[in-house]
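Here's the structure we're looking at; comments come further down.
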Amino acid sequence: MEITAVRGFNDVLPGDTEVWRHIEDNAFRVFSSYGFSEIKVPIAEKTELFLRSIGATTDIVEKEMYTFTDRHGDSLTLRPEGTAPVVRAYIEHKLYTNPVSKLYYSGPMFRYERPQKGRYRQFYQIGAEILGDPSPRADAEALQMLMRLFEEINVRGAELNINSLGDAHCRPAYKERLKNYLSGVKDRLCDNCLRRIDANPLRALDCKSPGCIEATHDAPSIVESLCAPCAVHFDKVREHLGLSGIEATVNPRMVRGLDYYTRTTFEITSAGLGSQNAIAAGGRYDGLVEELGGPATPCFGFAIGIERVALIIKEGGVYRKPLAVFIALGAEAEKKGIELLKAWRDRGIRIVEDFSDGSLKSRMKRADRAGARYAVILGEDELKSGTVTVKDMKSAGQEKVAWDLAPDRIAIG
RNA sequence: GUGGGCGUAGCUCAACGGUUAGAGCACCGGACUGUGGCUCCGGGGGCUGGGGGUUCAAGUCCCCUCGUCCACCCCA
């Protein structure tokens, strides 16, 4: 049996890599314009980091982590998400001595799940984190930045859903109220939600089972149970989104899968992706830095799923410089070609040489199949006159061009 | 972890249990000795995912296994 890639770990091939590059380049450019800097963090961390940040009873920690013991006996985990490593680095390098840190990253994450459309075991996220800014305006601006990115790379039909999960003051009380409510409608809940009543009651609001949707219809709403500071914060976020011209739907039933979120949470979905329709999500995590041993630091962050965005914008097409194929006829032309190609590439021309030695006909055919916009031929005639024949494969017109003028001719798409 | 669909050429797919498993596209060559796309002709390509079973005979039926896709769970 030939060796194949690991289940859920995919190759990204030419054709797709251009789309990925396009997404990343634009994200970096847009984030940079909002004052973000790149940070690179390892893909493996001590397991404890994720246990303490994501939450010990979340699905991610309970059944989705790639955890292993290294040769030294330490328990390591391939990062299932990017925020915890960034926060760890933030504390470790005492970046909190800056008033505010705006960081972005891009790279693979790992979760042991059954693969399906838009969901893989190794998947890529572009994330951004604002550390040290408590302002609701930071939340709104980050969302504005994200929507701007999606607009610029032609992600159509992106819908923003927002919610507030409250904070350490108001969430526990709300949880209790919700527990009581759920206990009262026990007989109508699915098995899963029955377990959730104690473990994670908020999740029941998110359940897709018809019975649960029905049963939780009149459940107490989190946004109506926020304490005054949280309510003010949420109002400000919405106000500033409005001022930015961004439409957001308040969805009090939207719950996140990570424990560290406080106050604002959001999710951006796009139709046409099947059931894995979230293309970006995130929120505020005001308690995490302190939880991990740093000073109290309010933060806001999000992550974008690159595969999912790529699935959406794929058909758009991405610009590439026109390709030229160089065909040398005879030994002398081949020698001269080395010098010419070097000079042309110095000037940024995208050109490849056809090293085959078939008939010119077959080599022209190869150039065409390679997707060449131009065929550049150097034969005996051209060698004598110091020219090359540049044939435009689209219009079929051709002309002899002096060697040093060829790049100008070829550069025109 | 649960459920369902699908595994035949590089790709998309045919083949009633019955000759040597085919087609289109792609690839290579020729018709056309320095000019691609269109057309025509020819060529290379397959342990029919793997293993076991039923049968005179299995790509086809049965069992197991692996892979893959979609959905659930959950999430980017």
Worksheet, complete the sentence: At the level of C-alpha centres, the distance separating region A:1-36 and region A:339-413, in angstrom, is 32
Response to the item:
Tilt, helix A:228-243 to longest principal axis of chain A (alpha-carbon atoms), in degrees rounded to tens, equals 30
Fill in: Around A:I43: net Lys/Arg minus Asp/Glu count, Cβ-Cβ under 14 Å
+3
Worksheet item: Ordered by packing density, taken as the mean number of other Cβ atoms within 10 Å over each peptide's residues, highest first, how do A:348-360, A:163-175, A:39-51 rank?
Response: A:163-175, A:39-51, A:348-360
Fill in: Average Cα contact separation per residue, chain A, under 8 Å, 6 or more apart, as relative contact order %
16
Worksheet item: Farthest toward the dipole's positive end in chain A, which of A:G274, A:S53, A:I246, given Cβ charges of +1 (Lys, Arg) and -1 (Asp, Glu) about the Cα centre?
Response: A:G274
Worksheet item: In percent, how large is the relative contact order of region A:324-410, given Cα pairs closer than 8 Å and 6 or more residues apart?
Response: 32
Item to complete: Determine the dipole magnitude for chain A: charges of +1 sit on the beta-carbon of Lys and Arg, -1 on that of Asp and Glu, nothing else is charged, the reference point is the Cα centre, and the result goes in debye to the nearest 20.
Response: 540
Worksheet entry | Cβ-Cβ FRET estimate between A:K63 and A:E334, R0 fixed at 45 Å, reported to 0.05 | 0.15
Fill in: Cysteines not pairable in chain A (beta carbon separation under 4.7 Å absent)
A:C190, A:C193, A:C230, A:C299
Item to complete: Please report how far the C-alpha centroid of region A:132-204 lies from that of region A:251-292, rounded to the nearest whole angstrom.
Response: 7
Response to the item:
In terms of the alpha carbon gyration tensor, root eigenvalues a ≥ b ≥ c, rounded if a/c is under 1.5 and otherwise prolate when a/b exceeds b/c or oblate, region A:267-380 is prolate
Worksheet item: Hey, what angle do you get for helix A:17-33 against the long axis of chain A, alpha-carbon based, 0 to 90 degrees rounded to 10?
Response: 60
Discussion item. For a protection proxy built on the mean count of beta-carbon atoms within 10 angstrom, sort A:200-212, A:235-247, A:293-305 highest first, please.
Written reply: A:293-305, A:200-212, A:235-247
Item to complete: Evaluate E = 1/(1 + (r/R0)^6) for A:E247 and A:S75, where r is the Cβ-Cβ distance and R0 equals 56 Å; express this FRET efficiency to the nearest 0.05.
Response: 0.80
Worksheet item: Using a ≥ b ≥ c from the Cα gyration tensor of chain A (square roots of the eigenvalues), is it rounded, prolate or oblate, where a/c under 1.5 gives rounded and otherwise the larger of a/b and b/c decides, a/b for prolate?
Response: prolate
Practice prompt. Find out how many positive minus negative residues lie around A:K361, taking Lys and Arg as positive, Asp and Glu as negative, among other residues whose Cβ is under 15 Å from that of A:K361.
Written response: +2
Worksheet item: Which of the peptides A:133-145, A:387-399 is most tightly packed, and how do the rest follow, going by the mean number of other Cβ atoms within 10 Å of each residue?
Response: A:133-145, A:387-399
Worksheet item: When Lys and Arg each count +1 and Asp and Glu each count -1, what net charge do the other residues less than 11 Å away from A:N251, Cβ to Cβ, add up to?
Response: -2
Item to complete: At a Cα cut-off below 28 Å, give the lysines reachable from A:K94, other chains included and same-chain residues fewer than 8 away excluded.
Response: A:K40, A:K46, A:K102
Fill in: Candidate lysines for bridging to A:K186, where Cα separation is under 24 Å - those fewer than 8 sequence places away on the same chain excluded
A:K175, A:K208
Worksheet entry | Lysine pairs with alpha-carbon atoms under 17 Å apart, region A:324-410, spacing 8 or more or separate chains | 9
Fill in: Sequence-separation-based contact order of region A:28-154, relative, with Cα cut under 8 Å and 6+ spacing, percent
26
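Taken together, the values in this text are just the output of simple stated rules run on the coordinates, not laboratory data. Just so it is clear, the model here is predicted, and its values are computed rather than measured. Virtual Cβ from ideal backbone geometry, glycine too; neighbours counted across all protein chains shown.
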